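This report concerns only the one structure given below.
The values are calculated or read from the model by the stated rules, or taken from the named source; none is laboratory data. From a predicted model like this one, the values you see are computed outputs, not experimental measurements. Backbone-built Cβ (ideal geometry, glycine too); neighbour counts: all protein chains shown.
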Amino acid sequence: MTKDECKQVVLDIIADIAPDEDLSNVKPEVRLRDQLQLDSMDFLDIVMELRKRHSIEVPESEYQQLASLDSCAEYLTPKFNTLAAKS
Amino acid sequence: MKSARIVITGVGLTAPNGDSLTEFRRNLLNGVAGIERMEIRYMGSQLAGVCHYDPLKYQKKKEIRVGTRAGSISIYCAREALADSGVNFEAMAKDRIGIYIGCTEHGNVETENEIYNISKFNYDTKFWSHYHNPRTVANNPAGETSLNLGITGPAYTIGAACAAGNMGLIHAAQMLRLGEVDFALCGGVSESIHTFGIFAGFKSQNALATHADPHKSSRPFDKARNGIVISEGGCLYTLERLEDAQSRGAKIYAEIAGYHVNSDASDYVLPNPVRQAECVRASISRAGLTPADIHIVNTHATATPLGDIQECEAIRAVFGEGCPDTHINNTKSFIGHCMGAAGALELAGNLPSFDDLTVHASINVDDLDPLCALPGLVLNQPRKVAKVETILNNSFGMLGINSALIVKRFHP
């Protein structure tokens, strides 16, 4: 999985948990909470959906890695690729 | 203030056969029921009363996703009631508004959904939603309404089984009289058709209706009645002290005349006609009326074989043969049993009688059960009457809670 593909995975999740938001111009380097109406429960949703859809676990101590699309890609892409290598 | 006159100034509702009082009333007068077949988890196709209001009228998609059906119904009804009341909501002191919503139950739907969800993950509870607790707390429907409207006064639910709709109104009237709030949104809601447990529970009690034609399935007082049709719905009113309503020139639907609440203390599920009669008598007495002064009795009857007979026994004990101006009807024959919303919706369906002097019928009575043959029963066709000054609304519930609420035509 590329980082861009990883960002799309996260955007697909956000589209479902924040269906009123316009995601066409999300800036990857800007914190998601600074550009979208997302609260702490929404971030728990992102964590839950990564778990449900992709079997990716994000420990609480690493939640800050999900702050922006760029940081998501940095953090999650290796996890996706590790999972893919195992399967 | 304890004797303050309390009036109804707005109505917002969603019923299986109408999403406004106008539509609901029109269908009650035209004999249009609102029952359909619905797929229920683990049980297949079942009869149910389903509401078809547009949730997006007052909620964002995210609110609907995060919240509950009962919360959504409450928000719709609250905003419709506020609009109907003509109040300048933006200018109101939000901390002086109370939200009092009756519920038969809350949390079953959301709990069942989560158990079903984790069943897909080998019952691993790490897949259990973090929204479970805010969705299932008993105050959820009132809390979601306060969030949506920015109301900072007291907002909570009142658990009173199927007497809950009446209880929302009664409690609001009490809070207005105590001066706890200056304006109330009150009534009842139900999301119960989304929990298989309610259906399965009534089926195990042999109290779940079956019929080939959904619109004929809810048939109180008919010999062939065979149980309850479970429905969802909601109805919230705006209630105010009379002087407040008059000072803003509000339209007044009716005045709260009297009420009473008591308990059977006799059985978990079987009604007790002696206590029901006591409740009705006390409400009439507290309204300063006699049985002959009551012009419409809206029955609670749910179409269970025994329950209908017992309520008729209670009504017969109170009204006897000497009340020629008392007309008796039933709204569940159109919309099924809206559980926590039932009392509030059924009262709303009768409020327009003050203006049109028409009593809506109890439909689906092809063969009247002689044990339910009350004088004054309005069957199958609405009845034009000479006067409607008072409406008595019965709502009873499991564990033996009884409520009777009387409203009267407003006379300054």
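Only one entry of B:Gly227, B:Gly234, B:Gly201, B:Gly188 meets the criterion of being surrounded by fewer than 18 Cβ atoms within 10 Å (Cβ to Cβ) and not assigned by TED's automatic domain parsing to the domain that holds B:Thr299, and that entry is B:Gly201. Residues that are surrounded by fewer than 20 Cβ atoms within 10 Å (Cβ to Cβ) and within 30 Å of B:Leu208 (Cβ to Cβ) within region B:311-339 comprise B:Glu313, B:Arg316, B:Ala317, listed in sequence order. Among the residues of region B:28-38, is there at least one that is free of Cβ contacts under 8 Å to residues at least 60 places away in the same chain and either out of contact with any helix residue (DSSP H, G or I) (no Cβ under 6 Å at 6 or more places or on another chain) or assigned to a strand (DSSP E or B) (or both)? Checked against the condition, which is being free of Cβ contacts under 8 Å to residues at least 60 places away in the same chain and either out of contact with any helix residue (DSSP H, G or I) (no Cβ under 6 Å at 6 or more places or on another chain) or assigned to a strand (DSSP E or B) (or both), region B:28-38 yields at least one hit. The number of residues in region A:9-48 that are within 14 Å of chain B (Cβ to nearest Cβ) and of a type in the set (A, V, I, L, M) comes to 13.
Taking region B:108-166 as the range and being part of a helix (DSSP H, G or I), within 26 Å of B:Ala344 (Cα to Cα), more than 14 Å from chain A (Cβ to nearest Cβ) and hydrophobic (A, V, I, L, M, F, W, C) as the test, the residues that pass are B:Val109, B:Ala142, B:Leu149, B:Ala161, B:Cys162, B:Ala163, B:Ala164. Hey, among A:Glu74, A:Glu5, A:Glu21, which residue is over 29 Å from B:Leu56 (Cβ atoms) and surrounded by 13 or more Cβ atoms within 10 Å (Cβ to Cβ)? Just one listed residue meets the conditions, A:Glu74. Looking only at region B:49-64, decide whether some residue is in contact with a strand residue (DSSP E or B) (Cβ under 7 Å, 6 or more places away or on another chain) and assigned to a helix (DSSP H, G or I). Scanning region B:49-64, I find no residue that is in contact with a strand residue (DSSP E or B) (Cβ under 7 Å, 6 or more places away or on another chain) and assigned to a helix (DSSP H, G or I), so the answer is no. The strands (runs of 3 or more DSSP E) located wholly in region B:302-412 that include 3 or more residues which are touching a residue at least 60 places away in the same chain (Cβ under 8 Å) occupy B:390-397, B:401-408. Tallying residues that are farther than 26 Å from B:Pro134 by Cα and of a type outside the set (D, E, K, R) within region A:1-34 yields 11.
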